[in-house]
Amino acid sequence: MSGAPATEPFVVMAKPVGAVCNLDCEYCYYLPKASLAVGGPARMTPDVLEAYVRSMIEAAPGPLVHFVWHGGEPTIAGVDFYRRAVDLQRAVLPDGWRCVNSLQTNGTLLDDRWGAFLATERFAVGLSLDGPAHIHDAGRPDRRQRPTHARTMRGLAVLRDHGIEPDVLCTVTARSAAEPLAVYRFFLEQQVRWLQFLPVVERTPGGGTSGRSVSGEALGTFLCTVFDEWVRHDVGAIAVQTFMEGMVAWAGGSPTLCVMAETCGRALALEHDGGVYACDHFVDAGHRLGDVATDGLGALVDSPPQAAFGAAKRDGLTAACLDCPVLRMCRGGCPKDRFGTSPEGEPGHNVLCAGYRAFFEHAEPLLARLDGLARRGRPLATIVDQLRVEEADLEAPWRAAGRNDPCPCGSGRKYKHCCLGVHRTR
């Protein structure tokens, strides 16, 4: 195994049980990956686990090493598996370094034993929750097609009972995109502190998208609607990943969200059998980089094939993307979704383009203001009061206008013959 460290920080989404899961989410992209594993039960063996921990620490530039446990459903591996993992980390970690462990779970198997372990070992936890029960249960049944929302909410309660506030991942499907405020307000009511939206895009054999997939237009409407609610009422109460990363991208920074980064390739996937792949969304034979036990993660993440994979996100943009005024924020989206055609007919265009463009054009002025607040050292929540005052001032002429008064729009016509049927005060 090569012990050479990687040139830059990277993460690995490790799959302790591969594509095995106790849920049967209708939109899951990972369950079909089970056929790629090399024989045996879908469980990471002690030898593979040790090879992964050692290789990850050897390859990390340091002094922070980030372990990400993913699935399938990673809690199926059991508490003792992760206890062994953290013991290995302590045994191998150089003096002055530290490990951070993150676990992405559907929450349905969490109990007090899990809660105590995760809290003691200071795991960061991501919880997959798709909003209110009628939306969540429609898309996330268990293997016997029973609803899971109540079990996921019990998992959330377990985490909070042990002092863990999870980051919440919510998918956006055609179904949930139709109810943006119901979805968003559910998370507000649950006092979620960090929320990320993941658009579901399923490619059909014919090259189109499934009926479950969110369209670009619907995603744009969803994000714009939620953003307008968030920026006017909830900045500081809840952080929404797309909005926070959008502010970073607008300012010319480097978003940590790979979808919005100029290039990718620093987030590998590790299957339970030790196979290492270019990305969690590209676990296939053509993107297999090597084996963790023999090749070393540092060598694999910096290998020419992986460098080319990461650069293709930037170098494969269509002409329409290169001319787009919001390219610095969108960056063409995730390569997995680039199977559409641009307005000019060029292939390789992101099927969610219309939504991302609509959102970033809509949000850009206020993202710029949020960045300005941050640069001046002022709380981002200041914008809530600013907008309340500004919009009240804008509404004042309309509130005072009588039917026969000159229309506040400045047309010179009477209000009743101009904007009365169009403009409504809040």
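Once segment 371-400 is narrowed to residues that are assigned to a loop (DSSP other than H, G, I, E, B) and not aliphatic (A, V, I, L, M), the residue that is most open to solvent (accessible area, probe 1.4 Å) is R376.
Within segment 95-123, which residues are in a loop (DSSP other than H, G, I, E, B) and open to solvent by 40 Å² or more (accessible area, probe 1.4 Å)?
Matches in segment 95-123: D95, G96, W97, L109, D111, E121, R122.
Quick check, is R403 exposed (fewer than 12 other Cβ atoms within 10 Å of the Cβ) and touching a strand residue (DSSP E or B) at 6+ places or on another chain (Cβ under 8 Å)? Against the criterion (exposed (fewer than 12 other Cβ atoms within 10 Å of the Cβ) and touching a strand residue (DSSP E or B) at 6+ places or on another chain (Cβ under 8 Å)), R403 qualifies. Per this entry, A400 is not counted among residues that are small (G, A, S) and under 30 Å from L317 (Cα atoms). Counting the residues of segment 146-184 that are open to solvent by 50 Å² or more (accessible area, probe 1.4 Å) and of a type outside the set (A, V, I, L, M, F, W, C) gives 12. Within segment 50-72, can you find the residues that are of a type outside the set (A, V, I, L, M, F, W, C), outside any helix (DSSP H, G or I) and surrounded by 23 or more Cβ atoms within 10 Å (Cβ to Cβ)? Matches in segment 50-72: G71, G72. Which one is surrounded by the fewest Cβ atoms within 10 Å (Cβ to Cβ), of the residues in segment 215-246 that are part of a helix (DSSP H, G or I) and of a type in the set (G, A, S)? Ranking the qualifying residues of segment 215-246, first place goes to A218. Evaluation of G286 against the conditions (1) more than 28 Å from F187 (Cα to Cα); (2) touching a Leu at 6+ places or on another chain (Cβ under 6 Å); (3) without any contact (Cβ under 8 Å) to a residue 40 or more places away in the chain shows that the sole unmet condition is (2).
Residue check: F187 meets all listed conditions (1) closer than 20 Å to L118 by Cβ; (2) in contact with a Cys (Cβ under 9 Å, 6 or more places away or on another chain); (3) open to solvent by less than 20 Å² (accessible area, probe 1.4 Å) but one, namely (1). Residues that are in contact (Cβ under 8 Å) with a residue 12 or more places away in the chain, surrounded by fewer than 19 Cβ atoms within 10 Å (Cβ to Cβ) and over 21 Å from the mean Cα position of the chain (by Cα) within segment 313-345 comprise G316, A319, P325, S342, P343, E344, listed in sequence order.
Considering each residue of segment 119-137, count those that are among the β-branched types (V, I, T) and touching a residue at least 12 places away in the same chain (Cβ under 8 Å), and give that number. Selection size over segment 119-137: 2.
The values are calculated or read from the model by the stated rules, or taken from the named source; none is laboratory data. Just so we're clear, the structure is a prediction, and the values are computed from it rather than from any experiment. Positions of Cβ are backbone-derived with ideal geometry, glycine not excepted, and every protein chain shown enters the neighbour counts. Just the protein is used for accessible areas: all its heavy atoms, side chains included, with ligands, DNA and RNA removed. Shrake-Rupley method; radii C 1.70, N 1.55, O 1.52, S 1.80 Å.
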